[in-house]
Protein chains: 2
Amino acid sequence: MNQHVYLVDDDEAIRDSLGWLFQSRGVDCRAFASAEDFLAACDGGLSGCLLLDIRMDGMSGPELFDLLRARGCTLPVIFLTGHGDVPMAVSALKKGAFDFVEKPCNDNELVNRVLEALSLEASQRAASSTADSVNHRLAALTTRERQVMELVLAGKFNKVIADELQISMRTVEVHRANLFEKMGVKTAVELAGLLTGKR
Amino acid sequence: MNQHVYLVDDDEAIRDSLGWLFQSRGVDCRAFASAEDFLAACDGGLSGCLLLDIRMDGMSGPELFDLLRARGCTLPVIFLTGHGDVPMAVSALKKGAFDFVEKPCNDNELVNRVLEALSLEASQRAASSTADSVNHRLAALTTRERQVMELVLAGKFNKVIADELQISMRTVEVHRANLFEKMGVKTAVELAGLLTGKR
DNA sequence: GGCGGTATTGTGGAAATCCGTAATCGCCCG
DNA sequence: CGGGCGATTACGGATTTCCACAATACCGCC
């Protein structure tokens, strides 16, 4: 899926001018007049970044931000406001917003921030796709295989694993071979490398 | 080393009142009237967090922040200012400041932020100390041992490693045993776990 | 020159892993 | 009820790792 800038602002003049700005820079932009409109039109599978106005009729920008994060949406969010104060900006950034800019703002500045956000999202997406692939393979493992994997990852001998699981060594070997197969690795070390950063 | 709050502010009234506040909450506080004073008194090995005023005679808070970061100091920094604006706050947070609060501020709020910062720094310190320990052991390895380690970590058999390094398998075994000894691990998998996140 | 550290290699055996073949048992599904 | 699947186990052999004992060579340092 191509990246888009999702612009949510209740001011039509802003939507038009920013929409034009992004299109002129070759960035695909989709504008929404309210948080509700955005939610209705975009359920999931988004790619790109969000440009959120703070004050809007109905749901506010920060409320939409919180809702999306709660739903697991990790799109970079740039807040855009004409009436922001310091605590608001601090709160937004500490909650993980990508940026917080005041209107009116320099077009080039804004485009640069957006491009940075898009770049971040692209690498995020790449990283999470490999993570997903690993998780997918992980999910295909049997209960026993997962148990054996844990102990293998703990650096224990098959002999010890067999003892701890109260099964024969041969069974451990079978599970081990099966899980290596499923995870697409040839040795325990490769498996450890694959799971770098988990459990 | 115990944790301290390092307070840098050119307003004596602030230094006194905040100093009293922290002492009353059982938090050790050291106050400095300028960035230069702080730098002169505290070279390295600090533990705790920094409370930095933005506008000061001489070096400003953000300038001191940048300087410390450039020197590798990762202490959490809370900016404290009576004349802050949104871009300033955004810039500070995006550069990694822990927080940005406006004066006058609620005492409890400030103490809470400081306690959060101290807690973060404590876990940071713990993490970096284990990382240091690993790096220290890593530094004690011989060139050959490091080479062998790389290949072991790549999941290769001793046979293959011997071939690639153009040495006998027996030599590889020796290096392998030696480096396991030096790194304090018993198996290749443990080694991989130890180096999770590196190279 | 001797001493210590690193790198190198060999022999040989104990221990562990790897793997093909084969079989039993229990459970869920069509 | 038969088939598929996961879990279990056994035998036996090939491969690999682990380790003690032993030895040679290079290099820098006192």
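Rounded if a/c is under 1.5, else prolate if a/b is larger than b/c, else oblate: which is the stretch B:81-131, with a ≥ b ≥ c the root eigenvalues of its Cα gyration tensor? Note, shape of the stretch B:81-131 comes out oblate.
Assume the label is 7 Å from Cα along Cα to beta carbon: what separations in nm does residue B:82 have to the matching positions in the other copies? From this label point to the equivalent ones elsewhere in the assembly: 3.2 nm. Here's the picture: charge each Lys and Arg Cβ at +1 and each Asp and Glu Cβ at -1 in the protein assembly as shown, and of A:161, B:56, B:13 the one pushed furthest to the positive end of that dipole is A:161.
Considering only the stretch B:37-160, what is the antiparallel percent among its DSSP beta bridges, to the nearest 5?
0 percent
Going by the alpha-carbon gyration tensor, a ≥ b ≥ c the square roots of its eigenvalues, is the stretch A:1-114 rounded (a/c under 1.5) or, if a/c is not under 1.5, prolate (a/b greater than b/c) versus oblate? Rounded, since a/c falls under 1.5. Mean residue ellipticity, 222 nm, helices only, chain B: the sum of -39500 (n - 2.57) across DSSP H runs of n ≥ 4, divided by residue count and rounded to 500, is -18000 deg cm²/dmol. Listed by chain and number, the lysines whose C-alpha is less than 22 Å from the C-alpha of residue A:95, apart from same-chain residues fewer than 8 away, are A:103, B:94, B:95, B:103.
Of B:35, B:139, B:126, the residue with the greatest mean-square motion in the GNM of chain B, using alpha carbon springs below 10 Å, is B:139.
Residues in the stretch B:121-129 carry Karplus couplings, in order, of 5, 4, 6, 4, 4, 4, 4, 6, 6 Hz; the curve used is 6.51 cos²θ - 1.76 cosθ + 1.60 with θ = phi - 60°, and Gly or Pro positions show x. A cut-off of 5 Å between modelled amide H atoms, ignoring neighbours fewer than 5 places along the same chain, links residue A:101 with A:79, A:80, A:81.
Rounded if a/c is under 1.5, else prolate if a/b beats b/c, else oblate: with a ≥ b ≥ c from the C-alpha gyration tensor eigenvalues square-rooted, which is the protein assembly as shown? Cα axes put the protein assembly as shown in the oblate bin.
Please figure out what share of the DSSP beta bridges in the protein assembly as shown is antiparallel and state it in percent, rounded to the nearest 5.
On the way: 0 of 34 bridges.
Antiparallel: roughly 0 percent of the beta bridges in the protein assembly as shown.
Largest GNM mean-square fluctuation across B:96, B:58, B:155, computed for chain B with C-alpha springs under 10 Å, falls on B:155.
May I ask for the equivalent-ellipsoid semi-axes of chain B, computed as the square root of five times each C-alpha gyration tensor eigenvalue and listed largest first in whole Å?
Numbers: eigenvalues 471, 51, 40 Å².
Working from the Cα gyration tensor, I get semi-axes of 49, 16, 14 Å.
Taking the Cα centre of the stretch B:4-131 as origin and assigning +1 to Lys and Arg Cβ atoms and -1 to Asp and Glu Cβ atoms, the resulting dipole is close to 540 debye.
Considering every residue in B:146-153, what mean count of other chain Cβ atoms within 10 Å of its Cβ is obtained? Don't skip to the answer; put the middle values down first.
Numbers: counts 0, 0, 0, 0, 0, 0, 2, 4.
Shielding by partners across B:146-153 averages 1.
In percent, how large is the relative contact order of the stretch A:4-131, given Cα pairs closer than 8 Å and 6 or more residues apart? Mind showing how you got there, number by number?
Numbers: 172 pairs, mean separation 28.7, N = 128.
Over the stretch A:4-131, the number comes to 22 percent.
Each residue of the stretch A:48-62 is assigned a 3J(HN,Hα), and the resulting list reads x, 8, 10, 10, 10, 6, 7, 8, 9, 5, x, 5, 7, x, x Hz, derived from the Karplus form 6.51 cos²θ - 1.76 cosθ + 1.60 (θ = phi - 60°), x at Gly and Pro. Within the same chain, aspartates and glutamates fewer than 8 places from residue A:156 are excluded, and of the rest, those with a Cα less than 12 Å from its Cα are A:164, B:190. Under 16 Å of direct C-alpha separation, and excluding same-chain neighbours fewer than eight residues apart, residue A:186 reaches these aspartates and glutamates: A:145, A:173.
Principal-axis analysis of the Cα atoms of chain B puts helix B:143-153 at an angle of about 90° to the longest axis.
Database remark: amide H of residue B:30 closer than 5 angstrom to the amide H of B:5, B:6, B:7 (H placed geometrically; neighbours at sequence offset of 5 or more, or on other chains; Pro and chain starts carry no H).
Sorted from closest to farthest, the other copies place their residue B:11 label points 3.2 nm away, with each point set 7 Å from Cα along Cα→Cβ. Per-residue Karplus couplings for the stretch B:91-99, computed as 6.51 cos²θ - 1.76 cosθ + 1.60 with θ equal to phi - 60°, are listed in order as 4, 4, 5, 5, 7, x, 5, 6, 7 Hz, Gly and Pro entered as x. Sorted from closest to farthest, the other copies place their residue A:57 label points 5.5 nm away, with each point set 7 Å from Cα along Cα→Cβ.
Between Rg and the Kirkwood Rh of the stretch A:15-56, both from Cα atoms, what is the Rg to Rh ratio?
Details: Rg = 10.9 Å, Rh = 11.4 Å.
Here Rg/Rh amounts to 0.96.
Hey, what did the stretch A:1-63 get for relative contact order, percent, Cα under 8 Å, at least 6 apart?
Numbers: 95 pairs, mean separation 27.7, N = 63.
The normalised contact order for the stretch A:1-63 reaches 44 percent.
Any read-out appearing in this document is the output of simple, stated calculations on the displayed coordinates, not a laboratory observation. Since we're looking at a predicted model, the values are computed, not measured. FYI the Cβ positions are ideal-geometry reconstructions off the backbone, even for glycines, and counts take in every protein chain you see.
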